Amino acid sequence: MTASLNLLIGVSLIYVAFLFAVAFAAERAAVRGRSGWLRTPLVYTLSLSIYCTAWTFYGAVGYAARSGMEYVTIYLGPSLVMIGWWWVLRKLVRIGRSQRVTSVADLISARYGKSNTLAIVVTVMAVVGVTPYIALQLQSVTLALSAFAGPPAADGSAGLNMLSSGFWVAAGLAVFTVLFGTRNLNANERHDGVVIAIAVEAVVKLVALIAVGIFVVWGIAGGVRPMMEQIDASALGTWQVDRSRWAALTVLSAAAFLCLPRMFQVLVVENDDERHVQIASWAFPVYLMLMSLFVVPIAVVGLNLLPPGSNPDLFVVSVPLAEGRTGLAVLSFLGGFSSATSMVIVATLALSTMVSNHVVMPIYLSLKPGGASMSGDVRSVILRARRLSILLIIALGYLYYVLSGGSGALAAIGLISFAGVAQFLPAMLGGIFWRGATRVGALSGLCLGFAIWVYASLLPSFGQGAVLPASFFEVGPWGIGWLRPYAFFGIEGIDPTVHAVLWSLLLNTCVFVVGSLLSFPKPLERLQGAQFVNVFDHSGQARGWHASVAASEDLMIMAQRILGAAEAQALFRAAAREQGMIGHLPEPNPAFLERLERELSASVGTATAHAMVSQMVGAASVSVEDLLAVADESAQMLEYSSQLETKSAELSRTAGQLREANDKLTQLSVQKDAFLGQISHELRTPMTSIRAFSEIMRDAEGLSAAEKTKYASIIHVEAIRLTRLLDDLLDLSVLENGQVSLNPATGRLDAVLDHAVITAGASGDGRLRIVRHKTTADTMLTTDMDRLGQVFINLITNAQKYCRAEAPQLEISVRATPDMLRVEFRDNGTPIPDAARALIFEKFARVAEGDGSGAGLGLAICREIMARLGGDISHVPQASGNLFVVQMPRAAALAAQ
Amino acid sequence: MDKHVLLVEDEVNIIEAMSFLLKREGWKVDTHSDGATAVSAIRDARPDLVVLDYMLPGKSGIAILTELRALPDFAALPVLMLTARGQLRDREEAERAGVNRFMTKPFSNTEVLNAVRDLVRV
């Protein structure tokens, strides 16, 4: 026997490796975009077969052996839902797609105003409800293993340790689920590899069960007719069907079919195309019928063949074993193994999505400083949360398995689980068909229904007296009779299962309806309610990932906005050509969409790109995780863009400075040209006279003495003019460059003025009358006396040259303040025109007609000198005559050159 | 009959020198030193040659020349322009305006007299 056990373990490992290979190939194909064959109606239908767990595989026969035809209800409920209520499913699928729903908890929470409280409640209920079910799978696999191991030997050495083998099975399942369920984080929670693996397992379990059935009917019973006779002869045929149980169990299995997290996962979340639902609506009942076809024959033959007391739950394996058909038994074991593994994997995946999304992530986000503005890799956190959740859920299942002692009929445990998750039904159906349903109603209904289930179904399942004291069942808690777990309100005699289902669902529904009627929905709830109930009005055509060309146009518009028109068009054209399409719009198949997403993600980030493409193609809403990731990316981009902005501002500032500098240089160059022209003119003009007259004197004969004197004096005057011009230019150059050395001395301003009047007077023609208004004030100051004198001389000389009055006159007066001295030069000549006044202090600016000896540098030099002395010179407009004002501090800050 | 030249120049000493040289060559010399009224002075005097300074008070030599060339009677009047600015651009500008000869100050007396002889064949 040990040899066959080893063989079994070996075959199982090879089988698991094979599943890995299939799932891996599927994922690879999906990544490459060749996933068309992965998402067919057939695969969808087969994936629904995770409804048939080890419980149905092994337990149905056991159920039939114990309770006759009642097992049919387990198949009847889902079949009725698929055939009669496929439109409910379709609505769920549509809502799931348009709202990007990831789980039952997500659906209910989203419908009732995205309430996380509700999501947590549903998650907890689902975990508690499904835990027994996972335990059930562990139990069935270890039971089957024990059938191979045979009865324990006297010393116990050869027997199978149920607990440790249960542990290893749990560990194996956990590893498989983690490896395949959380390899990558798909924003729409699809798992191509897992779906294809469970489709394969669906085939394996159907083939295994039918093989055992054929062996039993034709191999043992000897054909159909003898088989029928054997069934008629057995006790099964005579058992009366309990109508209330029949109805209750049908309703229960129907409800569970819709509400079980794993069913929701394959029905809604993994659904690729709404049209698959229509095909599955007849194909899945056919599958269920085939699964149930040989249940009764196997049960009858098992009862007849095997010794009394044999576990009917194991007939599927033990009948072939008893007949020495080890190969068939191994196949049968693999069928059960498949049922168990597929159920555990999908159920834990679904639950872990709920736990990580609604429990772990919110806690993580609230603990993390900075709240939602997280900057870490959200995906890695979510993945870790998923993996942790998977381990926890399977650990819980194992714990239940250990606590419940591994005993109890498989079907009973399954029904407890069904009743637990069925509590979602009122909130779920109410949510999608009744706009008046509110969060308060849903929350109170769920909580009450769940509480009743725990009290009347879950806790008693551990055995009377195990958790709840035995007295509870006899006289009620604290003697309150109407609260007895099996006899609410004193109504006795109902089957415990029917009792729990009836009361929990009834009260759940009542409280849900009453609570909804009595409370007012919040705005978001109202909005979501409308979107859920009227989903077909909002989400347009039913279309799968294989969307219409209209989607291509939308994608094109979006891509153009992000990539730029030329690049987007090139991308679309290239894709269309590769697909062999005419025109520029390709079929938006998965390969193209992935490529587009990749291109877009380079510009807007992966999460954003995915959300955009899904939104357009799948008409899907964006999930919270997507939003977080999008926000994360946006934050990074904002930062990057603000850096760019800073850089760009810097650049434009620099450019501005360069432009300014360039303008200045251009201006300087223009000024320099004008200046050179001026200098050239001022130098060449006297030189022309000098050259002309010197040539005349050299060449011309017969010049009179008077002419010779006249021409020689012209040459002399022009030579002096040249010299003065050169002196002025050098002086100005030195002053402008700030290289002038000043010799400060302390003295009286009056003395400087006196000296200037004398010096200038000597060079003038004596026509100008100079009037000095003497001041009594103190005129002491410290400055460069020579330079100041130069300014005064210049002003007096100008008056001599340019004052054209009949009796030219210059009045000079001094005003003194404690800090400043002010000298005014007022003449009675023609006032300088307004237009020219701005120019008189500029180089070479000559306004008045003079004797031609001035180069127009005098006032420019004065201005420079006064600036060096810390004062200034200005021309004050007058009604008649001109007024020049020279101001200076008493103590010049000569250092400030 | 003597040839008639109009000197448009504002520098007294240059007028003196040019007048001396041209008179000795047998020219009838008139002078005008204001740019603003130069054009009408030329129209009135109807000289055989104009010696025009580049920089004049009131109006530049270029502007005077341009206005002159626009008058049909004076489109072909020989004009010798003298400049003390000595910049290449000025020469180009003057040639565009229709000058017959352009000379930079200071010049040799022989040079200027040869130019005058070239412009007006006696």
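Bear in mind that the values in this text are calculations on the coordinates, not laboratory data. Since the structure is predicted, the reported quantities are computational estimates derived from the model, not experimental observations. All Cβ positions, even for glycine, are placed from backbone atoms using ideal geometry, and neighbour counts span all protein chains on display.
Quick notes
- Per-residue shielding of B:85-92, expressed as the average number of other chain Cβ atoms within 10 Å of the residue Cβ, stands at 3.
- With a Förster radius of 51 Å applied to the beta-carbon distance between A:GLU645 and A:LEU367, the computed FRET efficiency rounds to 0.90.
- For the stretch A:651-717, a crude dipole built from +1 on the beta carbon of Lys and Arg and -1 on the beta carbon of Asp and Glu, taken about the Cα centre, is about 280 debye to the nearest 20.
- When chain B is treated as a GNM with alpha-carbon contacts under 10 Å, the residue of B:LEU21, B:LEU65, B:LEU80 showing the greatest mean-square fluctuation is B:LEU21.
- Taking amide H as placed 1.01 Å from N in the peptide plane, the amide H of A:LEU821 sits under 5 Å from that of A:MET888, A:ARG890, each at least 5 places away or on another chain.
- Unit charges on C-beta of K, R, D, E only; dipole of the protein assembly as shown, Debye: 1900 debye
- Projecting the Cα atoms of B:PHE107, A:LEU209, A:VAL269 onto the charge dipole of the protein assembly as shown (Cβ charges, centred on the Cα centre) puts A:LEU209 farthest toward the positive pole.
- Shielding by other protein chains, B:17-28, mean Cβ within 10 Å: 2
- Residues A:ARG787, A:ARG561, ranked from the fewest to the most other C-beta atoms within 10 Å, line up as A:ARG561, A:ARG787.
- Averaged over peptide B:103-111, the number of partner chain Cβ atoms lying within 10 Å of each residue's Cβ comes to 5.
- Segments A:863-875, A:216-228 sorted - mean Cβ within 10 Å per residue, highest first: A:863-875, A:216-228
- Backbone phi angles across the stretch B:92-105, fed through the Karplus curve with coefficients 6.51, -1.76 and 1.60 (θ = phi - 60°), yield HN-Hα couplings of 4, 4, 5, 5, 4, 6, x, 6, 8, 8, 10, 10, 9, 6 Hz in residue order; Gly and Pro are listed as x.
- For the stretch A:732-821, GluC sites (Glu not before Pro) meeting the loop criterion (DSSP other than H, G, I, E, B) and having at most 16 other Cβ atoms within 10 Å: A:GLU806.
- Peptide ranges A:57-64, A:265-272 listed from the most packed, as the mean C-beta count within 10 angstrom indicates: A:57-64, A:265-272
- The stretch B:4-119 - percent relative contact order, Cα under 8 Å, separation 6 or more: 23 percent
- Cα-based shape type of the protein assembly as shown, given that a ≥ b ≥ c are square roots of the gyration tensor eigenvalues and the cut on a/c is 1.5: prolate
- Peptides A:664-674, A:770-780, A:431-441 ranked from most to least packed, by the mean per-residue count of other Cβ atoms within 10 Å: A:431-441, A:770-780, A:664-674.
- Cα gyration tensor shape for the stretch B:68-122, rounded if a/c is under 1.5, else prolate or oblate: oblate
- Dipole magnitude of the stretch A:742-889, debye to nearest 20 (Cβ charges: Lys/Arg +1, Asp/Glu -1, about Cα centre): 60 debye
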